[in-house]
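Okay, structure first, notes after.
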Amino acid sequence: MDFDYSDRCKELRGRLLAFMDEHIYANEKAFKEEVDRNGVLGNRWQPLALIERLKPLARDQGLWNLFLPKSQRAPEGLSNLDYAPLCEIMGRVPWAPEVFNCSAPDTGNMETLERYGLEEHKQQWLEPLLRGEMRSAFAMTEPDVASSDATNIATRIERDGDDYLINGHKWWISGAGDPRCKIFIVMGKTDPTAARHQQQSMILVPSDTPGITIKRPLPVFGYDDAPHGHCEILFENVRVPSSNMLLGEGRGFEIAQGRLGPGRIHHCMRAIGVAERALELMCRRLDSRVAFGRKISEQGVWRERIAESRIRIDTARLLTLKTAYMMDTVGNKGAQAEIAMIKVLAPTVAQDVLDWAIQAHGAAGVSDDFPLAYQWAGNRTLRLADGPDEVHRNAVAKLELGKYA
């Protein structure tokens, strides 16, 4: 296996590192101040002027839509292996990916529209997303069923003449709170009598369609993640044209598998960036503080945690790079075991390193003076997002057992 990055990747990586130093890390305090200021003014969901100001700078430097795989619309697109170190760098700051138009769920939705949408869908929704003029959401998870088994999804999508009527209850719909969110990709049941994996479909639903009610934003450990947000939504007799159906009825699982492979590995790439940032902050803190007559970094327990962090981060990175290499060479299906393994490993490693970093900072670690508490809350959701750990472990076990059947 060749994990060497291409010359183009190395050049982009250098530019991205410089951009992060000049515009992202330098503005972390300003980001928080703007969010707080919008809250005081009663409009936490207002898009942030800071991010909108940085987007043209990133675009002008060629650091835009870096996630895009090679395709007709993006002949310059990167391989998964080349995108990995770039995504990791962006992941070091939670809001950074949006600056480069590389944030979830938009990246997965753009790939879905590119692969499965009609040309009219691409003109209406994909092109504005690629330009960063709007945002999107992916509506699958439901409060009334165990959504880790997607065959449980109960939202109904029923044909009514030339239209479909949608009725259902969704929650944890990331991005739905953003006023720039213009399109939902909704997963629901079109035929309850069909074979188990042919009951579900995916359909495009403009966010201003009558019958859509955003009930509330859902905080994660007290953070509402405004202006992006995760929301609970009702769909009540929501009517959309039949042409909004992606691929056709019963193709929802096929689309989901095409969408979730890249989405999962992107989450893992960012998680490694989170872990690296946490380790850096931990080392700097331990080396700058004295307790009981010596630097905390000289104490054995912290040496052990630093070493364990480095070992585990590099382990997760290597497995992620192997997975990216396999997705590039044998396809997502051929890499399904590796995708499942990294989806368990990377967020778990990041969570443990974050926890040690918080401990190293003492009471400051749970405050907003450092990014650790916010990143801990966000990273903890990754052990549930795109399938919980238990589902991925089960998938790995089934594939392993299959070798000896």
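Show me, bin by bin at 10 Å from 0, the whole-percent P(r) of the chain based on Cα pairs.
5, 21, 32, 27, 12, 3, 1, 0
Give the Rg/Rh ratio for the stretch 244-306, taking Rg as the radius of gyration of the Cα atoms and Rh as the Kirkwood radius, to two decimals.
Numbers: Rg = 22.3 Å, Rh = 15.4 Å.
Ratio of gyration radius to Kirkwood radius: 1.45.
Once the dipole of the chain is set up with Lys and Arg at +1 and Asp and Glu at -1 on Cβ about the Cα centre, which of Y83, G293, I212 lies farthest towards its positive end?
G293
Sum -39500 (n - 2.57) across every DSSP H segment of at least 4 residues in the chain, then divide by the residue count to get the 222 nm mean residue ellipticity, nearest 500. Before the final figure, lay out the partial values.
Numbers: 13 runs with 188 residues, N = 405.
It comes out at -15000 deg cm²/dmol, rounded to the nearest 500.
For the stretch 174-224, which chymotrypsin sites (Phe, Trp or Tyr not before Pro) are in a loop by DSSP, counting at most 11 other Cβ atoms within 10 Å? Present the calculation step by step, with values, prior to reporting the outcome.
Numbers: sites: F184, F221, Y223; in loops: F221.
Answer by residue number: F221.
From Cα pairs below 8 angstrom and at least 6 apart in sequence, can you work out the relative contact order of the stretch 7-130, rounded to a whole percent? Write down the numbers at each step before the final one.
Numbers: 93 pairs, mean separation 30.1, N = 124.
Dividing the mean separation by the residue count of the stretch 7-130 yields 24 percent.
Taking the Cα centre of the chain as origin, work out the dipole magnitude from +1 charges on Lys and Arg Cβ and -1 charges on Asp and Glu Cβ, in debye rounded to 20. Walk me through the numbers before you get to the answer.
Working: 51 positive and 56 negative charges, 145 e Å.
It comes to approximately 700 debye.
Sorted by mean Cβ packing within 10 Å, highest first, what order do the peptides 196-207, 87-98, 166-177 take? Could you put the intermediate results ahead of the total?
Values: 196-207: 20.0, 87-98: 23.7, 166-177: 22.2.
Highest to lowest by the protection proxy: 87-98, 166-177, 196-207.
For the stretch 20-144, what log10 I(q)/I(0) values come out of the Debye formula at q = 0.11, 0.12, 0.20 1/Å, with one point per alpha carbon and no solvent?
-0.44, -0.52, -1.22
Trypsin sites (Lys or Arg not before Pro), restricted to the stretch 262-309: which are DSSP loop and have at most 14 other Cβ atoms within 10 Å?
R289
May I ask you to sort T190, T315 by Cβ crowding, counting other Cβ atoms within 10 Å and putting the fewest first?
Working: T190 22, T315 13.
Sorted ascending by nearby Cβ count, the order is T315, T190.
For K55, which lysines qualify as cross-link partners when the Cα separation must be under 27 Å and same-chain residues fewer than eight apart are set aside?
Those lysines meeting the cut-off are K10, K29, K32, K70, K122, K182.
May I ask for the Kirkwood hydrodynamic radius of the stretch 253-402, worked out over all distinct Cα pairs and given in angstroms to one decimal? Don't skip to the end; give the middle numbers.
Working: mean 1/r = 0.0610 Å⁻¹.
Here the Kirkwood hydrodynamic radius works out to 16.4 Å.
How high is the relative contact order of the chain, given as a whole-number percent (alpha carbon pairs under 8 Å, six or more residues apart)? All intermediate terms of the calculation are to be shown ahead of the outcome.
Numbers: 657 pairs, mean separation 59.4, N = 405.
Result for the chain is 15 percent.
Percent of Cα-Cα pairs more than 20 Å apart in the stretch 135-251, please. Kindly include the intermediate steps, with their values, before the conclusion.
Working: 2556 of 6786 pairs.
The answer is 38 percent, as a whole percent.
Rule-based calculations on the coordinates, nothing more; no lab input. What you see is a predicted model; the values in this text were computed from it and never measured. Heads up, the Cβs are rebuilt from the backbone with ideal geometry, glycines too, and the neighbour counts pull from every protein chain shown.
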